[in-house]
Structure formats: structure tokens, C-alpha cells
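The values are calculated or read from the model by the stated rules, or taken from the named source; none is laboratory data. Keep in mind it's a predicted model, so treat the numbers as computed, not measured. Every residue, glycine among them, receives a Cβ derived from its backbone with ideal geometry; neighbour counts consider all protein chains shown.
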Amino acid sequence: MATSPDDLRRIFLALPGVAESTHHGTMSFMVAKRFLGRIRDEDTVFALRCELDERDFLIEIEPEAFFTTDHYRGYPYVLIRLAAIDAERMAPLVERAWRMAAPKRLIASYDQARAAEG
């Protein structure tokens, strides 16, 4: 059920242009020098970029998995309890975060390759 740091690495690095980095001494991911998210709280929480409306919706429908803190309140990030979400559920959230930050040409190339695959 839980998403591990290795799962996160696999999900993020499957997307074009994503690079693993560190932020505040923890594993993080970036695309085109734009921050996508990072591990927090001793690998138990992931701060993921998302639209504010989406964040509020996720928190409302799945409060056991999604939350925020005062620190993130005004920023487009949702905090995710990794023990409460599996990698399959995490993957589309990661892709949406990537689409928010990736260059348009990279997104178009990715979509074109996926369409060609079937």
C-alpha cells in the first residue's frame, strides 16, 4: 500500500527531463530547473507540487493521505503521507506535477510518443 522512496524515484525518473536532486538534505525532483517536490519527515511525507484547487480537493476527499501545514498554505504543494498511498495512485499525481512545470515542447514530445505507443 505504501509508496517508498524507490517507488518515487521510479515514477519521477520515468518522465522526460526529470532529474533527482536534494533539497534541505532530502531526495527531491526537478524538471527544467523547476522544483517538483521532495521527501520530508524522515521519508514519511512527500511535498508535491499541485494546483491549489486540486490540493484542497485532495485534502477534502482523502484527509488520511493528503494534508498541508501553515508553511505550505500559500504555495502550490500538497503533503502526502506515503504510508497512506500506493505507487499506482501516486503516479498520476506526479505526472500532473510534471505537466505544471515541464516545458511545453517536452510535454508535447511525451504526449506524441505515448500516442504512438497506442
| message | Can you pull out every residue in the stretch 34-62 that is modelled with pLDDT of 95 or more, surrounded by fewer than 18 Cβ atoms within 10 Å (Cβ to Cβ) and in a loop (DSSP other than H, G, I, E, B)? | response | 44, 51, 62
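Only one residue in 91, 65, 83, 87 is at pLDDT 95 or above and touching a strand residue (DSSP E or B) at 6+ places or on another chain (Cβ under 6 Å), so which one is that? Talk me through it step by step, then tell me what you get.
Values: 91 fails: touching a strand residue (DSSP E or B) at 6+ places or on another chain (Cβ under 6 Å); 83 fails: touching a strand residue (DSSP E or B) at 6+ places or on another chain (Cβ under 6 Å); 87 fails: touching a strand residue (DSSP E or B) at 6+ places or on another chain (Cβ under 6 Å).
Residue meeting the stated conditions: 65.
Restricting attention to the stretch 72-82, and to residues there that are of a type outside the set (A, V, I, L, M) and surrounded by 11 or more Cβ atoms within 10 Å (Cβ to Cβ), which single residue is nearest to the chain's Cα centre (by Cα)? Even if it seems obvious, please write down each step before you answer.
Filtering the stretch 72-82 for residues of a type outside the set (A, V, I, L, M) gives 72-77, 81.
Now restrict to residues that are surrounded by 11 or more Cβ atoms within 10 Å (Cβ to Cβ): 72, 75-77, 81.
Numbers: 72: 15, 75: 14, 76: 11, 77: 9, 81: 12 Å.
Ranking the qualifying residues of the stretch 72-82, first place goes to 77.
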| remark: Going through the stretch 63-92 in order, the residues found to be in a helix (DSSP H, G or I), of a type in the set (A, V, I, L, M, F, W, C) and over 12 Å from residue 15 (Cβ atoms) are 82, 83, 84, 87, 90
| said: Considering only residues that are among the charged types (D, E, K, R), in contact (Cβ under 8 Å) with a residue 24 or more places away in the chain and under 21 Å from residue 5 (Cα atoms), which ones fall in the stretch 19-66? | reply: 34, 40, 43, 49
